[in-house]
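Only one structure is covered here, and it is reproduced in the block below.
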Amino acid sequence: MTTAAAPIRTKPRRSWTPSQIVLTLLGTAVAVVIVSPLAWALFTSLKSETEAVEVPPHWLPEDWTGQAWSAMFETGNITNWFVNSLVVSVCVTTVVLLVSALAGYGFARTEFRGKAALMGVVMAGLMISPAVLGVPLFTTVQQMGMVETYWGLILPQCAPAAMVYILYKFFQGIPRELEEAAFIDGAGRWRVFFTVILPLSRPSLAAVGIFTFISSWNNFLWPYMVTNNPDLMTMPNGIATVMNSYGIQWAQLMAGGLMAGLPLIIVFVFFQRQIVAGVAHTGLAGQ
């Protein structure tokens, strides 16, 4: 005796509400606005230099060519620029994470003489533009003999007051009972920091690391001030030199710009969950 199979019930598809349609259209419009410059840069990089400066301009190349890309690798020294940017950004991110975590934890959990004054200095750093500090920083770096060196590129970017403040506020929100339980078990301050505090702070540390890497990678002013050596230039500075006696090479400039932005796109695609979680945990969402 066989039993008939029960019919599969399918839920009727709900029609879109007016609000969903409006939000979808707005989202599509915003996406088009964001993607359009990238598409224009890509199409321009696949044009010849003559076609790239034609007036009126047109989106798609008439003659598709990779001449600009090959010229960037052959004459632009772009491989060295990419490696320099990667080395500087990774080193800056590593130092900033270590210094900001230690400073933020010290302010949040320890009491020492002069704490209020030092915290005031950190808060003052949030109100001063990095451009204002360019001349005194360059004078200091020059007196220390670090001009035209990796140290001169890296060290002045390793004291961001904003990152110290972000981690300081996050550490304040961690329950003290967790630390007290570790102290009762015989753990010292350093062990508590590395085995209790840091594992709980992964979202905020990830956000600080990602923001620092992006900021260092995009930094143009300070590397421009501290080095003129083509072998030490970072991507933003190297791309700015893409010109000859006839003016800017727009196709090469667009190709270099896409290469400079590629690591940031990769970071966002693979770490967007950490970025959103970090913003939520650090309290930046309301700013």
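The values are calculated or read from the model by the stated rules, or taken from the named source; none is laboratory data. Source: prediction; values computed, not measured. We place every Cβ from the backbone using ideal geometry, glycine too, and count neighbours over all the protein chains shown. Note: areas computed on protein heavy atoms with side chains; ligands, DNA, RNA excluded. Shrake-Rupley method; radii C 1.70, N 1.55, O 1.52, S 1.80 Å.
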Handout entry: Estimated [θ] at 222 nm from DSSP helical runs (n ≥ 4, -39500 (n - 2.57)) normalised by residues in the chain, nearest 500
Key = -21000 deg cm²/dmol
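Tell me the trypsin sites (Lys or Arg not before Pro) within the stretch 103-180 that lie in a loop according to DSSP and have at most 12 other beta-carbon atoms within 10 Å. Could you put the intermediate results ahead of the total?
Working: sites: ARG109, ARG113, LYS115, LYS169, ARG176; in loops: ARG113.
Sparse-neighbourhood loop trypsin sites (Lys or Arg not before Pro): ARG113.
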Handout entry: Spatial separation of Cα centroids for the stretch 140-203 and the stretch 70-94, in angstrom
Key = 28
Practice task
Can you send over the solvent-accessible area of ILE248, 1.4 Å probe, protein chains only, in Å² to the nearest 10?
Solution key: 70
Exercise for the section: Could you size up the charge dipole of the chain around its Cα centre, putting +1 on the beta carbon of Lys and Arg and -1 on that of Asp and Glu, and report it in debye to the nearest 20? Expected result: 1440
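Can you tell me what percent of all Cα-Cα pairs in the stretch 68-216 are more than 20 Å apart? Don't skip to the answer; put the middle values down first.
On the way: 6584 of 11026 pairs.
Result for the distance tail: 60 percent.
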Problem - Positive-pole candidate from VAL267, TYR165, VAL226, dipole of the stretch 78-286, charges at beta carbon - result: TYR165
Problem - Derived scalar couplings ³J(HN,Hα) [the stretch 20-33; Karplus, 6.51 cos²θ - 1.76 cosθ + 1.60; whole Hz; x for Gly, Pro] - result: 5, 5, 4, 5, 5, 5, 5, x, 5, 5, 5, 4, 5, 4
Practice task
Run the accessible area of the chain with a 1.4 Å probe and give the carbon-and-sulfur part as a rounded percent.
Solution key: 68
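What number comes out for accessible area per residue over the chain if the probe is 1.4 Å? Units Å², please. Show your work: numbers first, answer last.
On the way: 18080 Å² over 287 residues.
Solvent-accessible surface per residue comes out at 63 Å².
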Fill in the blank from the handout: HN-Hα couplings for the stretch 95-100 via Karplus (6.51, -1.76, 1.60; θ = phi - 60°), in whole Hz with x for Gly/Pro, come out as 5, 5, 4, 5, 5, 5
Handout entry: Answer label, with Cα Rg over 2.2 N^0.38 Å calculated from the coordinates and candidates (1) 1.24; (2) 1.35; (3) 1.13
Key = (2)
